[in-house]
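Student: Please read through the structure below; I'll follow up with questions.
The values are calculated or read from the model by the stated rules, or taken from the named source; none is laboratory data. What you see is a predicted model, and the numbers here were worked out from it, not measured in a lab. Reconstructed Cβ throughout: ideal geometry from the backbone, glycine too, with neighbour counts over all protein chains shown. Keep in mind that these areas ignore ligands, DNA and RNA; they rest on the heavy atoms of the full protein, side chains included. Shrake-Rupley method; radii C 1.70, N 1.55, O 1.52, S 1.80 Å.
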Amino acid sequence: MVTTPSAPRPDAPAPILPILKWVGGKTRLLPTLTELYGGQSRIIEPFFGGGALSFRLASTAAAPLRVRANDALTPVVAIYRAVRADVEGFITQVDEFADPYLALDRKEDRRAYYYAVRQRYMTGELDGPAPLFFMLWCAYSGMYRTGTTYPGRFNTSHGFGKERAGFCHPERLRAAATLMGNWEFSSGDFADCLDDVGADSFVLLDPPYRGTYGGYTGDGFS
């Protein structure tokens, strides 16, 4: 099936940006990736992560696109589902962590607050998508890392501590909640996403590259 590129809507707003800060995100490669897109009506990302390509294509295409977003990191998929289900409630929950953090002026105080939240999250005292979302925006380079002491629990180090009001981007979250209304989210093996690829599917297979960071889970990538 031959397809033609889907032109941006004449009245389209600015593209909706990803809602997560994500190491290895594809924002810088979007000019190249969008050139390869041929106007297909379905986007499949088996290694979704920050989902830069899906956000760009779905928010600028002339017609609504279907998106299948898969990631082996179940807690990350839970963030997207929570935003779509109740974005205002999610923002309120995130602010419960972001507001006290922003009230601290010194980097060392912010670092101590971050590690206190992280420790509670690693031990299971805190759970759910809101504290993880907060930590991803404050973590070093948006890196998602787990360790062996608390298997499967996020343990990335604190970042630079220079965040300002609005660093969790509530307006972006609200726009994304609407955009993701018909998206299909899953958390499993990437190969499962390839069973129903059709002629009108555009697939981005984007695993960690050999020799680059791949420590998203305890056993990493082969």
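Student: Tell me which residues, restricted to segment 156-169, are surrounded by 16 or more Cβ atoms within 10 Å (Cβ to Cβ) and under 17 Å from the mean Cα position of the chain (by Cα).
Tutor: THR156, CYS168, HIS169
Student: For segment 73-86, which positions are open to solvent by less than 70 Å² (accessible area, probe 1.4 Å) and not in a helix (DSSP H, G or I)?
Tutor: Within segment 73-86, LEU73 is the sole residue that qualifies.
Student: Tell me which of these GLY89 doesn't satisfy, since it passes every other one: (1) closer than 29 Å to SER186 by Cβ; (2) open to solvent by 30 Å² or more (accessible area, probe 1.4 Å).
Tutor: Against the list (1) closer than 29 Å to SER186 by Cβ; (2) open to solvent by 30 Å² or more (accessible area, probe 1.4 Å), GLY89 comes up short only on (2).
Student: Which residues, counting only those in segment 136-158, are farther than 30 Å from SER59 by Cα and among the small types (Gly, Ala, Ser)?
Tutor: Matches in segment 136-158: GLY147, GLY152, SER157.
Student: Considering only residues that are open to solvent by 30 Å² or more (accessible area, probe 1.4 Å) and in contact with a Ser or Thr (Cβ under 6 Å, 6 or more places away or on another chain), look in segment 15-40 and name the one that is modelled with the lowest pLDDT.
Tutor: Looking at residues that are open to solvent by 30 Å² or more (accessible area, probe 1.4 Å) and in contact with a Ser or Thr (Cβ under 6 Å, 6 or more places away or on another chain), I get VAL23.
Student: Of the residues that sit in segment 77-113 and are basic (Lys, Arg) and in contact (Cβ under 8 Å) with a residue 60 or more places away in the chain, which one is nearest to LEU136 (Cα to Cα)?
Tutor: ARG81
Student: Among the residues of segment 22-31, is any in contact (Cβ under 8 Å) with a residue 60 or more places away in the chain and touching a Pro at 6+ places or on another chain (Cβ under 6 Å)?
Tutor: Checked against the condition, which is being in contact (Cβ under 8 Å) with a residue 60 or more places away in the chain and touching a Pro at 6+ places or on another chain (Cβ under 6 Å), segment 22-31 yields no hits at all.
Student: Moving to a separate point now. From the set of residues in segment 142-154 that are part of a loop (DSSP other than H, G, I, E, B) and touching a residue at least 60 places away in the same chain (Cβ under 8 Å), which is least open to solvent (accessible area, probe 1.4 Å)?
Tutor: Among them, the one singled out is TYR144.
Student: Here is a follow-up. Find the residue count for segment 119-141, including only residues that are closer than 16 Å to ILE79 by Cβ and open to solvent by 20 Å² or more (accessible area, probe 1.4 Å).
Tutor: Residues flagged as closer than 16 Å to ILE79 by Cβ and open to solvent by 20 Å² or more (accessible area, probe 1.4 Å) within segment 119-141 amount to 5.
Student: What number goes with the only condition from (1) on the phi < 0 side of the Ramachandran plot; (2) surrounded by 19 or more Cβ atoms within 10 Å (Cβ to Cβ) that ASP95 does not pass?
Tutor: Unmet for ASP95, out of (1) on the phi < 0 side of the Ramachandran plot; (2) surrounded by 19 or more Cβ atoms within 10 Å (Cβ to Cβ): (2).
Student: Got at least one residue in segment 127-134 being acidic (Asp, Glu) and either at pLDDT below 95 or not in a loop (DSSP other than H, G, I, E, B) (or both)?
Tutor: Taking every residue of segment 127-134 in turn, none turns out to be acidic (Asp, Glu) and either at pLDDT below 95 or not in a loop (DSSP other than H, G, I, E, B) (or both).
Student: Further, regarding this structure: Among the residues of segment 41-70 satisfying the criterion of being of a type in the set (S, T, N, Q) and out of contact with any Asp or Glu (no Cβ under 9 Å at 6 or more places or on another chain), which is least open to solvent (accessible area, probe 1.4 Å)?
Tutor: Filtering first and then ranking leaves SER59.
Student: Then there's this: Of the numbered conditions (1) at pLDDT 95 or above; (2) under 19 Å from GLY51 (Cα atoms); (3) of a type in the set (D, E, K, R), ARG110 satisfies every one except a single condition; which is it?
Tutor: Only one criterion is unmet by ARG110, namely (2).
Student: State yes or no: is ASP196 at pLDDT below 95 and surrounded by 11 or more Cβ atoms within 10 Å (Cβ to Cβ)?
Tutor: no
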